[in-house]
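The values are calculated or read from the model by the stated rules, or taken from the named source; none is laboratory data. In this text the structure is predicted, and so the values were computed from the model without any measurement. Neighbour counts run over all protein chains shown; Cβ positions are idealised from the backbone, glycine included. For the accessible areas, the whole protein counts, side chains as well, though only heavy atoms, and no ligand, DNA or RNA atoms are used. Shrake-Rupley method; radii C 1.70, N 1.55, O 1.52, S 1.80 Å.
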Amino acid sequence: MLWKFAPTDVFPAGPADPVPHEVTLRQFKQGLSRLNLRPAVEAWIPTQSQDVIDWYTDSNSVQRSNSILLAAANHFGLSDAQVDAAFVMMSGL
């Protein structure tokens, strides 16, 4: 007997990876490097307030909802979907 089935019968498509609420600072910086954004971000950071500089250099983690992150994403023209995708990628580093 010949079995006929679709791949989704055996391996059903699961839900998309959930967007993490935060990543470590190491994951964030490595992710920026993989996205080729790190040089631009690190050129922009020193032009910001001391609070932003401290956030980038001294944080233990980066929260997806952080106002500094949202402002930076806006400055670099990133959509919410792009930031979400970046956080999913960064969480795996």
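Checked against the criterion of being in contact (Cβ under 8 Å) with a residue 40 or more places away in the chain and either of a type in the set (Lys, Arg) or assigned to a helix (DSSP H, G or I) (or both), the range 36-58 contains not a single residue that satisfies it. Among the conditions (1) among the hydrophobic types (A, V, I, L, M, F, W, C); (2) in a helix (DSSP H, G or I); (3) closer than 15 Å to residue 27 by Cα; (4) open to solvent by less than 50 Å² (accessible area, probe 1.4 Å), residue 62 misses just one, which is (2).
Within the range 19-35, the set of residues being in a helix (DSSP H, G or I) and hydroxyl-bearing (Ser, Thr, Tyr) comprises 33 only. Assess whether residue 87 counts as being within 13 Å of residue 20 (Cα to Cα), among the aromatic types (Phe, Trp, Tyr) and open to solvent by less than 80 Å² (accessible area, probe 1.4 Å). Judged against the criteria, residue 87 is a match.
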